Amino acid sequence: MVAAPCCAADDCIIEARGLTKEFSGFVAVCNVDLRVRRGHIHALIGPNGAGKTTFFNLLTKFLAPTRGQILYRGEDITHAKPAEVARRGLVRSFQLSAVFPHLTALENVRIALQRTHPGTFHFWKREATLAVLNDRARELLELVDLGAFAAVVAVELPYGRKRALEIATTLAMDPQLMLLDEPTQGMGHEDVDRVTALIKQAAAQRTVLMVEHNMHVVSRIADTITVLQRGQIIASGSYAEVARNPLVMEAYMGAPDGELRGGH
């Protein structure tokens with residue numbers, strides 16, 4: 001097993017120690033040690049069924065580990081609840097778009113902002129009481145190039161724009177660590193480039209851990225790449241280091257010239 005590159009305790013925002021998840025005898029994640037450095041973009045890659053999403057679900061507490069420990073900002077969150085870790089600044093997106101389809105882009109972002117504004121979840125209050133959040137919501141929409149779409153109902157947005165809206169709602173929760181699950185899945189080249197730039201921009205003031213299949217995206221923005229196969233880490237390092245690793249080339253997207261392919 002290969003551990004992620006070591007970082008000092010103060011430099012790691014999240015760490016998994018011996019993390020394991022079994023389902024009725026099937027081991028989906030096996031004794032994984034992973035450390036994510038503050039302020040970095042860390043990509044988790046691997047073939048289908050490698051355990052990437054299960055690992056994400058363990059970190060964000062949607063699943064309880066069979067064994068192992070999770071430390072977030074130096075505190076043990078192994079047995080914490082999803083809402084508790086979200087309040088601490090660990091926020092994730094999902095493979096499928098998770099916006100409110102019949103609310104506007106502005107309303108979607110405003111709902112995410114409400115968690116930090118006392119009293120705004122008192123639903124018997126007039127909508128006008130939420131107006132104080134509109135300026136910040138519009139700022140976030142501008143940040144993800146959705147300023148012109150503020151009044152558009154989310155269901156009417158193109159797919160790539162919906163994923164950008166997800167990033168805006170995630171940013172509205174002011175996360176210290178963003179976990180992005182397949183953020184460019186199903187997108188055309190133009191949307192991939194847009195969302196890649198947004199992730200890079202979002203990472204300027206926070207840490208990003210992302211699952212991503214598109215190696216062109218990973219090679220462009222990831223500081224560190226960790227490769228999973230059958231629930232275990234087989235390599236971790238820079239793109240150049242991982243791309244030359246023979247275990248990676250054998251297990252994941254091997255190319256005849258001995259280099260890891262970019263693109264989809």
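Filtering the stretch 182-216 to residues that are in contact (Cβ under 8 Å) with a residue 40 or more places away in the chain and β-branched (Val, Ile, Thr) leaves Ile199, Thr207, Val208, Val211. Checking Gly119, Gly49 one by one, the residue that is in the same structural domain as Val218 (by TED's automatic domain parsing), over 26 Å from Gly160 (Cβ atoms), at pLDDT below 90 and of a type in the set (Gly, Ala, Ser) is Gly49 and no other.
Scanning the stretch 165-197 for residues that are assigned to a helix (DSSP H, G or I), closer than 22 Å to Ile45 by Cα, within 13 Å of the chain's Cα centre (by Cα) and of a type in the set (A, V, I, L, M) yields Ile167, Val195.
Residue under question is Ala150, and the condition is that it be surrounded by fewer than 20 Cβ atoms within 10 Å (Cβ to Cβ) and within 17 Å of the chain's Cα centre (by Cα); does it hold? Considered against the rule, which asks whether it is surrounded by fewer than 20 Cβ atoms within 10 Å (Cβ to Cβ) and within 17 Å of the chain's Cα centre (by Cα), Ala150 comes out as no. Just to be sure before I move on: is Ala251 touching a strand residue (DSSP E or B) at 6+ places or on another chain (Cβ under 7 Å) and surrounded by fewer than 19 Cβ atoms within 10 Å (Cβ to Cβ) in the structure I sent? Yes; evaluated as a whole, the condition is true for this residue. Residues in the stretch 174-223 that are among the hydroxyl-bearing types (Ser, Thr, Tyr) and closer than 24 Å to Ala86 by Cβ were compared, and the one that is surrounded by the most Cβ atoms within 10 Å (Cβ to Cβ) is Thr184. Of the residues making up the stretch 203-230, those that are under 18 Å from Leu59 (Cβ atoms) and of a type in the set (A, V, I, L, M, F, W, C) are Ala203, Val208, Leu209, Met210, Val211, Ala222, Ile225, Val227, Leu228.
Scanning the stretch 62-79 for residues that are crowded, with 16+ Cβ neighbours inside 10 Å and within 23 Å of Val27 (Cβ to Cβ) returns Leu63, Pro65, Gly68, Ile70, Leu71, Ile77, Thr78.
Considering Ala222, Ala204, Ala235, the condition of being out of contact with any strand residue (DSSP E or B) (no Cβ under 9 Å at 6 or more places or on another chain) and of a type outside the set (Val, Ile, Thr) is satisfied by Ala204 alone. Each residue in the stretch 58-100 was checked for being closer than 22 Å to Gln185 by Cβ, touching an Asp or Glu at 6+ places or on another chain (Cβ under 9 Å) and not hydrophobic (A, V, I, L, M, F, W, C), and 4 of them qualify. Within the stretch 198-224, being over 21 Å from Leu113 (Cβ atoms), under 15 Å from the mean Cα position of the chain (by Cα) and of a type in the set (D, E, K, R) holds for Lys200, Glu212, Asp223. Going by the conditions given, is Arg88 within 19 Å of Ala235 (Cβ to Cβ), in contact (Cβ under 8 Å) with a residue 12 or more places away in the chain and among the basic types (Lys, Arg)? It is false that Arg88 is within 19 Å of Ala235 (Cβ to Cβ), in contact (Cβ under 8 Å) with a residue 12 or more places away in the chain and among the basic types (Lys, Arg).
Just one of (1) of a type outside the set (Asp, Glu); (2) outside the structural domain of Asn134 (by TED's automatic domain parsing); (3) over 25 Å from Ala222 (Cα atoms); (4) touching a residue at least 24 places away in the same chain (Cβ under 8 Å) fails for Thr78. It is (4).
The values are calculated or read from the model by the stated rules, or taken from the named source; none is laboratory data. Fair warning: this is a prediction, and the values are worked out from it, not measured in the lab. A quick note on method: Cβ atoms are made from the backbone with ideal geometry, for glycine too, and the neighbour counts reach across all protein chains shown.
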